[in-house]
1. Out of everything in the stretch B:26-44 that is within 13 Å of ligand 2 (Cβ to nearest atom), hydrophobic (A, V, I, L, M, F, W, C) and modelled with pLDDT of 90 or more, what residue ends up being surrounded by the most Cβ atoms within 10 Å (Cβ to Cβ)?
2. In the stretch B:79-97, what residues are open to solvent by 10 Å² or more (accessible area, probe 1.4 Å) and either within 14 Å of chain A (Cβ to nearest Cβ) or in a strand (DSSP E or B) (or both)?
3. Among the residues that make up the stretch B:378-396, is at least one of them away from ligand 1 (no atom under 16 Å from the Cβ), open to solvent by less than 20 Å² (accessible area, probe 1.4 Å) and outside any helix (DSSP H, G or I)?
4. Looking only at the stretch B:139-158, which residues are open to solvent by less than 90 Å² (accessible area, probe 1.4 Å) and within 21 Å of B:Leu128 (Cα to Cα)?
5. When you scan the stretch B:506-522, how many residues do you find that are among the aromatic types (Phe, Trp, Tyr) and without any contact (Cβ under 8 Å) to a residue 40 or more places away in the chain?
6. Could you list, in sequence order, the residues of the stretch B:220-238 that are under 17 Å from B:Lys196 (Cβ atoms) and free of Cβ contacts under 8 Å to residues at least 24 places away in the same chain?
7. crowded, with 18+ Cβ neighbours inside 10 Å, in contact with a Pro (Cβ under 7 Å, 6 or more places away or on another chain) and either outside any loop (DSSP other than H, G, I, E, B) or not assigned by TED's automatic domain parsing to the domain that holds B:Asn710 (or both) - does that describe any residue in the stretch B:508-518?
8. Consider the stretch A:22-80. How many of its residues are under 16 Å from A:Ile2 (Cβ atoms) and touching a Phe, Trp or Tyr at 6+ places or on another chain (Cβ under 7 Å)?
Amino acid sequence: MIIPMRLMKEHQKGIIRRVRATGELGRRIRDLGLTPGTPIEVQGRAPLRDPVAIKVRHFRLTLRNNEADYIDVEVEDNGS
Amino acid sequence: MKSANIENKTELLIALAGNPNCGKSTLFNELTGARQHVSNYPGITVEKKEGITEYNGVSLKIIDLPGTYSLTAYSIEELVARNFIVEEKPDCVINIADATNLERHLYLTVQLLELGAPVILVLNMMDLAQKQGIKININKLSKRLGIPVVPMVARTGQGKEKLLKTIIKFCSETSKHNTSMIPISYGPDIDPVLDKMEQIIKQNNFMTDLYPARWIALKYLEEDQQIIEKGDKTNKEISSSLKQFSKELENHLTITLDTYPEAIIADHRYGFISAVLKKDVIHYSAKDNAKELTDAIDKVVTNRFVGPIIMVAILYTVYEFTFKYSEKPVEWFELFFSFIGAKVESILPAGPLQSLIVNGIIDGVGAVLGFVPIIVFMFFAIAFLEDTGYLARVAYMLDRIFRTFGLHGNSVMAFIISGGIAGGCAVPGVMATRTLRSSKERIATILTVPFMNCGAKLPVYAVIIAAFFPAHHAKVMLILTLLAWLIALTMAWILRLTLLQGPPTPFLLELPTYRLPTFKGLMIHTWERTWQYIKKAGTIILAISVLLWAMMTFPGLPREQQKYFKEKETLIVSTLGKNQEEIKKQLEQINKEKKLAIFYNSYASRLGRAMSRVTRYCGFEWKTNVALLGGFAAKEVIISTMGTAYSLSDKTGANIPLSERLSKDPNWNYVTAWAFLVFVMLYSPCFATVACIIKETGQYKWGIFSIIFNTAVAFCFATLIYQGSKFVGLL
Ligand SMILES: Nc1nc2c(ncn2[C@@H]2O[C@H](COP(=O)(O)OP(=O)(O)O)[C@@H](O)[C@H]2O)c(=O)[nH]1
Ligand SMILES: [Mg+2]
């Protein structure tokens, strides 16, 4: 099942399938190593539910929900 | 490419490049020691650090390039780094990578190699890598990348010898560097196009004097603004044919793969890195203690409920630490400057020169250097939070709120330092905006942090509160604190919708692994920033001190008054004859009166009276205006100037405290008091802050803007309070 990163739950794992952002945002996303095929794990969300913190390629980074919208992630279908 | 020959070269030029937080500054300090020099790249605010070191009789000039993740043309830091490498052609580029996070750090390495730079890779933080059970085969890594690789622990200097040796050897090899590197493949869609473009570029010598041909082609595919613009200027025809290739490829990719060249290129760079970092080169242990520790800490400090509480506690501690420990040194500075002032006063004869030096230069510079202890402690605390990695968590937790107002998670610190909890200082606040990368959000932050209640405004509030709200000190302070936040954030929001329009910059931020910083590293960070403040702010401040002094001193006394004082003096001397003690006392009295008369006649005081035509709308009289003018030097001066102005116009000459005077003054009441409080909170930043704004934005216009804009905002709010109260019949 492929969903936007925004919809991922805490501690859910997945593999990035597509990054739809272009321009500066797209470039920043790629510079930090969020490219298709990369496994990620959601670590948590800030107290106000935004931004989201993720683990990728042995380090942690955080991005806003509206930035996570551009990233499609394949997650295990857990029936929900 | 170039070749360097040590024999006929007296100095090697070495550039340090790396991601933020890779330990670049640590290595730079380790290599250069105290022999370094910080300046700005011409016209922009990116810092340029250079230092010199010597090894085996060869002198090395080392440049610390700005920390970047990439080498595109999107951010000013990346452009600076890239331009330096291309234009200055350093003999070698030392690329520092964090060994515990190699995959991402090599992304920059790959781009340096694409650019054809002579790269030496330093694997830093080997101590941490070891602790985390990461094993790296240095030789194989070096072979695969085709460049020398040196493992290091920059923090302890371990590996420094080896690095220096490698640099010398590398630079003395006359053979062309980097040709051994296998060109990276960008896949079957892009490679053939790149080949064709490369051919055209080579045939026409299109910018090949500056860049490698394949790299130019790559940048056209990535739609790099800087290179395309340059290309257009160099040869319009070739440039547009290259653009045509790029366009066609883009269309092709959109149709077949629903993607675009930039994305595919990045994918292949990471693909190349993965190929380099196969199991035989790097091996991760299953258990990683440091990162697990970081996860555990994060679980607590970014927790929904506990996180914000811990944050407030930590920020409050920073505050307490700064203002508690800087209190004494600030006093010492004051004592020192008044001592010097008194000394000069006793050496030089009374007159305009003495007055210029004592009241103009020493007092003015003293007022500014008085901030130094605060800056030192504040920057020490910030450096600590920054180097441990906590600051990134603060940005993470508060970004949602600040974003609403067109700001950024990284703006938080600047607001807090400037007086978000009453008692900060806007000078280090403005300087703390350096963690913000986008210029619009940064300028919006810089322009609104002076609205916060800095420590110098507090004594002014204290006097007014004592006069009009003696029983409600805490309540009034709380209202003023909340009001400052509300107005500052609203103004930031308005600025971002008008003058500083633009989409929010991506937030995307690394949350670094928690690390314990070294004391030495913290001291170096602190000292660098402090010294910059002293140096740069010092020049502007000196000029303005002299100007303010002149305004409060000239044009001096009119002739008849001069005569009046002269006569009085002679009268005293002649009547009291031998009583030296009494003569001295009375002459001093006269001198005091004379000073007040000079002040009354000064341009500042005239200006104050002229201004009352406008300020009467918010209920201020001329004496208040003069005090507010003086407050431009430093906000606490408002109180002393008001004291002077009010006692001056008190004909009885009674010696009573200012707050009592104000509470009895018919022109003052609690409505004027509120208008005044709000005005003081909002109006023009003091000139030390203005100097910093100019320095940090790199433009005079923002300094001048902040004076006018903030004063206008202050006037509007004060008028609103005063006229509003009048309207509803409170007055
Ligand atoms: N354990 C360890 N820490 C290091 C090493 N080099 C740098 N650091 C720490 O990493 C942090 C960031 O270093 P800094 O030089 O400021 O990084 P920069 O952003 O690249 O300039 C500081 O807290 C340093 O003390 C190292 O080799 N080992
Ligand atoms: Mg640094």
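The values are calculated or read from the model by the stated rules, or taken from the named source; none is laboratory data. The model shown is predicted, which means the values in this text are computed figures rather than measured ones. Virtual Cβ from ideal backbone geometry, glycine too; neighbours counted across all protein chains shown. Quick note on the areas: whole protein, heavy atoms, side chains included, nothing else; ligands and nucleic acids left out. Shrake-Rupley method; radii C 1.70, N 1.55, O 1.52, S 1.80 Å.
1. Of all residues in the stretch B:26-44, those within 13 Å of ligand 2 (Cβ to nearest atom) come to B:26-30, B:36, B:38.
Checking the rest, the ones that are also hydrophobic (A, V, I, L, M, F, W, C) come to B:27-28, B:38.
Those left that are additionally modelled with pLDDT of 90 or more: B:27-28.
Numbers: B:Leu27: 26, B:Phe28: 24.
Among them, the one singled out is B:Leu27.
2. B:Leu79
3. Narrowing the stretch B:378-396 to residues away from ligand 1 (no atom under 16 Å from the Cβ): B:378, B:394, B:396.
Then drop every residue that is not open to solvent by less than 20 Å² (accessible area, probe 1.4 Å), which leaves B:378, B:394, B:396.
Remaining after also requiring outside any helix (DSSP H, G or I): none.
Scanning the stretch B:378-396, I find no residue that is away from ligand 1 (no atom under 16 Å from the Cβ), open to solvent by less than 20 Å² (accessible area, probe 1.4 Å) and outside any helix (DSSP H, G or I), so the answer is no.
4. So the first thing to find is which residues in the stretch B:139-158 are open to solvent by less than 90 Å² (accessible area, probe 1.4 Å), and the list is B:140-142, B:144-154, B:157.
B:Lys140, B:Leu141, B:Ser142, B:Val149, B:Val150, B:Pro151, B:Met152, B:Val153, B:Ala154, B:Gly157 - these are the residues of the stretch B:139-158 that are open to solvent by less than 90 Å² (accessible area, probe 1.4 Å) and within 21 Å of B:Leu128 (Cα to Cα).
5. Of all residues in the stretch B:506-522, those among the aromatic types (Phe, Trp, Tyr) come to B:507, B:514, B:519.
From what's left, without any contact (Cβ under 8 Å) to a residue 40 or more places away in the chain: B:519.
Counting residues in the stretch B:506-522 that are among the aromatic types (Phe, Trp, Tyr) and without any contact (Cβ under 8 Å) to a residue 40 or more places away in the chain gives 1.
6. B:Glu237
7. no
8. Counting residues in the stretch A:22-80 that are under 16 Å from A:Ile2 (Cβ atoms) and touching a Phe, Trp or Tyr at 6+ places or on another chain (Cβ under 7 Å) gives 1.
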